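Chemist: The structure's right below; bear with me while I get my questions together.
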Amino acid sequence: MGRSIGFLSLHNCSATPRKRRSQMTNFAVGDGPPKAKPLEALLRLKAVISPHGPIPVSKSTWWEGVRSGRFPKPVKLGPRTTVWRQSDVQLLIDNAPPSWVDSKGTM
């Protein structure tokens, strides 16, 4: 019979087996494990469009542009959470039409 700790029973516990030394990755001298990609900032809609964001369009215009492909596709984090990658928004700003830029050179 398995051992019990409080309400947990360790009878049918399936622990993840450890890797054997022969299964571990060996790196050449001077090489390290692969470097992780830097984390990318994610922006909510309020940070992207007017009046708080740099892109001077309304919410309905933004969503129509997303549907048509004119604006970047969103990333869904949950059923009610939608964000955009900062790099995608920056690329949109860098390629902004002249009508978005005022006489001072700002959006």
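Chemist: What is the extension gain from Trp100 to Val75, computed as 0.36 nm multiplied by their sequence separation minus the C-alpha to C-alpha distance, in nm to one decimal?
Modeler: 6.5 nm
Chemist: Continuing with the same structure: Can you list residues from other chains, or at least 5 along the same chain, whose modelled amide H is less than 5 Å from the amide H of Ala96?
Modeler: Result for Ala96 returns nothing.
Every number in this text was worked out from the coordinates using simple rules, so none of it is lab data. What you see is a predicted model, and the numbers here were worked out from it, not measured in a lab.
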